[in-house]
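The values are calculated or read from the model by the stated rules, or taken from the named source; none is laboratory data. Here the structure is a predicted model, which means the values were calculated and not measured. Cβ placement follows ideal geometry from the backbone for every residue including glycine, while neighbour counts extend to all protein chains displayed. Keep in mind that these areas ignore ligands, DNA and RNA; they rest on the heavy atoms of the full protein, side chains included. Shrake-Rupley method; radii C 1.70, N 1.55, O 1.52, S 1.80 Å.
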Amino acid sequence: TVLAYGPTVHLAADAATIAAGEGRSLEVVDLRTLVPLDEDTVVASVARTGRCVVVHEASLTGGLGVELAARVQERCWGQLVAPVLRVAGFDTPYPPARLERRWLPDPERVLDVDETAEALAGALPGLDVKGLRRDLADKTRMARLSMDDTEFIRPSPSSGTLGGVTRTTRETMVVLEA
């Protein structure tokens, strides 16, 4: 699955065309809007493919791709057979206009990352990652620890500003190995 938005959709589609010519398949998801994000479509696609590459024009560090990768990792960790990878601008200051094309992602960089994802997925042949995660989940038990002494401060929904706060306590889930 290749997640892209804005101008990167075209380069992701170009990469998919090149990959098809090489006998590989890339599923491109055009995010269309980022807020709200259609997480159901993203999750369904990643569940089908088991892999995810996020393409965006910002720098690799601190760009929106970090948030997209985190959401995919959180929602799809049981379906992923390789880490979520990103293709983005380089971690350098934005270049002058004449060098911009060399700084921005291109189809070749998308294909390079796709090959990396394939290599990572095949690094341990015969390992059933999904089955391993299910086994780990079965061998752990959940314990609820109450944190009644701890107060958490959050903005009051009725005030609409940070001026009004409410105090609340919560329970925290902790995973203990069986």
Looking only at the stretch 51-77, how many residues end up being open to solvent by 30 Å² or more (accessible area, probe 1.4 Å) and in a loop (DSSP other than H, G, I, E, B)? 5
Residues of the stretch 27-62 being over 15 Å from L80 (Cα atoms) and touching a residue at least 40 places away in the same chain (Cβ under 8 Å), in sequence order, are V55, H56, E57
Hey, does the stretch 30-50 have a residue that's assigned to a loop (DSSP other than H, G, I, E, B) and closer than 16 Å to E115 by Cβ? yes
Can we say S59 is out of contact with any helix residue (DSSP H, G or I) (no Cβ under 6 Å at 6 or more places or on another chain), among the polar types (S, T, N, Q) and at pLDDT below 90? yes
Which ones in the stretch 1-17 are over 17 Å from R101 (Cα atoms) and open to solvent by 70 Å² or more (accessible area, probe 1.4 Å)? T17
Conditions: (1) within 12 Å of P107 (Cα to Cα); (2) crowded, with 17+ Cβ neighbours inside 10 Å. V42 meets all but one. Number of the miss? (1)
Let me confirm something: among R86, R32, R71, R75, which residue is among the basic types (K, R) and at positive phi? R32
When the residues of the stretch 78-115 are filtered to those that are in contact with a His (Cβ under 9 Å, 6 or more places away or on another chain) and not charged (D, E, K, R), which remaining residue is surrounded by the most Cβ atoms within 10 Å (Cβ to Cβ)? V87
Candidates A15, A82, filtered to the one that is part of a loop (DSSP other than H, G, I, E, B), in contact with an Asp or Glu (Cβ under 8 Å, 6 or more places away or on another chain) and not aromatic (F, W, Y): A82
